[in-house]
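The values are calculated or read from the model by the stated rules, or taken from the named source; none is laboratory data. Being a predicted model, the structure only gives us computed values, none of them experimental. Positions of Cβ are backbone-derived with ideal geometry, glycine not excepted, and every protein chain shown enters the neighbour counts. Accessible surface areas use protein heavy atoms only, side chains included; no ligands, DNA or RNA. Shrake-Rupley method; radii C 1.70, N 1.55, O 1.52, S 1.80 Å.
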Amino acid sequence: MSDTLKRQWVPVAGGSCDVRLGYGALDQASTIARDSVGRPRKAMVVALSSSSEDVRELVRRQLVHTGFEVCWHLLPNGSVCNMEQAMLLFEDLAQEQMTGEDLCCAAGDSDVLSMVTYVCGSWCGGMPYVAVPTDEVALLEGVITPRALDVAGRRYMVSVQPSAQHALLDLELGMAEAGSEESLHANALMTSTAMASSERIFSDLWDHADELARGDEEVRLTQLLATAKQRGLTASSTAAAIRMSLDYGQSFCHALARVAKDDVAPSVRLAEGMRFCARIAVALDKLSIDDMLAQDELLQALGVGSAVCDVDAQELADALLQEHYSHTNRFMLLVPFGIGRVRLATVPKELLMEHAQAWCSVHRKSE
């Protein structure tokens, strides 16, 4: 067990986020909360109604200890990363007469933190916000690069800029075991981030892959912070093409979720998205076979498996096209032009169908 509390200032668009992770990280919440507002008054705590009462009580005690009057906004189970839930939180902030100098503290997964990030970044021009991610993916995708909000049933429509000034990932609330879905999903995000960053970042992840797969805690914490920092740097780039590269593998991941439902875990869906796009890149003569295989080997070394599901190739191709056409009028896929260089490329629909058929054939369940 690592006794070290690690800290990293992560650059994000328009500022930075103070990320602290380790055992007892949440013990610093009272000091951080007080310093965030200067003079404590009210604090809105946001969490899922099904979240651990121990976690909620720990957050409440930290805030009360430093002089805050705590009010609660408990979210329903199910989908919460949407404009409807954001509006309900806005209404609660108004009812509690919260100002831009009061505090919001949210504990939860990436969907919870992404929605609260949007609200806190908008309320009174921005209010102090402390995020308490309850898993590794929530740190990477809920705090540093929050996911977009759904609107009227359309997914990922309203983009969200990071607004948390502080993030506390306390391992005493539960450190993911090596091989768990949470751990593997974080591993897949590390790989996607490395592929979009540089050969050096990719090589560093490659060098520590075995230790990460074994569950070496010290290495994992260091790598999580490194990935968070790199995602922040990439998302803060002035070049739109570089910012966009963080979505590498995501469109196929979302398309597969549409057609395979819960048959494929999120970590595997993202990994399959990277594998599929890399093979498209090879077919387009954008990526070398050696680099494609290097990505495959890294995912394997990190323990991220392959999908086994019965999916119709036409449905998969249509879902991928629909995923793109819901956001843009052109079909262009993010593919690697090399390790550390992910860019949009035009993909002929015939080539897309050919690869969809090949993917479905390779990944179907055994008879």
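Elements of the type strands (runs of 3 or more DSSP E) sitting completely within the stretch 1-101 and holding at least 1 residues that are touching an Asp or Glu at 6+ places or on another chain (Cβ under 7 Å): these cover 6-12, 42-48, 69-75.
For the stretch 119-138, filtering for residues that are assigned to a helix (DSSP H, G or I) and either free of Cβ contacts under 8 Å to residues at least 24 places away in the same chain or farther than 19 Å from Trp72 by Cβ (or both) leaves 7. Just one of (1) closer than 29 Å to Arg231 by Cβ; (2) without any contact (Cβ under 8 Å) to a residue 40 or more places away in the chain fails for Gln95. It is (1).
Contact map, the stretch 338-354: first residue closer than 10 Å to Ala281 by Cβ, second residue among the basic types (Lys, Arg) and open to solvent by 40 Å² or more (accessible area, probe 1.4 Å), Cβ cut-off under 7 Å, separation 6 or more or different chains; pairs are Ala345/Lys286.
Taking the stated definitions as given, is Arg364 touching a helix residue (DSSP H, G or I) at 6+ places or on another chain (Cβ under 7 Å) and of a type in the set (D, E, K, R)? No, not satisfied.
Specify the residue that is nearest to His355 (Cα to Cα); the eligible residues are those in the stretch 318-329 that are open to solvent by 70 Å² or more (accessible area, probe 1.4 Å) and under 24 Å from the mean Cα position of the chain (by Cα). Checked the stretch 318-329; the qualifying residue nearest to His355 (Cα to Cα) is Gln322.
In this structure, does Ser237 turn out to be hydroxyl-bearing (Ser, Thr, Tyr), open to solvent by 10 Å² or more (accessible area, probe 1.4 Å) and without any contact (Cβ under 8 Å) to a residue 12 or more places away in the chain? Yes: the conditions hold for Ser237. Among the candidates Ser366, Ser361, the residue that is modelled with pLDDT of 95 or more, of a type in the set (S, T, N, Q) and over 24 Å from Glu199 (Cα atoms) is uniquely Ser361. Scanning the stretch 308-346 for residues that are of a type in the set (D, E, K, R) and within 19 Å of Val264 (Cβ to Cβ) yields Asp310, Asp312, Glu315, Asp318, Glu323.
Do we have any residue at all in the stretch 271-279 that's open to solvent by 20 Å² or more (accessible area, probe 1.4 Å), on the phi < 0 side of the Ramachandran plot, among the hydrophobic types (A, V, I, L, M, F, W, C) and at pLDDT 95 or above? No - not one qualifying residue is present in the stretch 271-279. Within the stretch 111-170, the residues that satisfy the criterion of being of a type in the set (D, E, K, R) and either open to solvent by less than 10 Å² (accessible area, probe 1.4 Å) or at pLDDT 95 or above (or both) are Asp111, Glu136, Glu141, Arg147, Asp150, Asp170. Looking across Glu354, Glu315, Glu297, one residue alone is more than 26 Å from Met157 (Cβ to Cβ), more than 24 Å from the chain's Cα centre (by Cα), at pLDDT 95 or above and open to solvent by 70 Å² or more (accessible area, probe 1.4 Å). It is Glu354.
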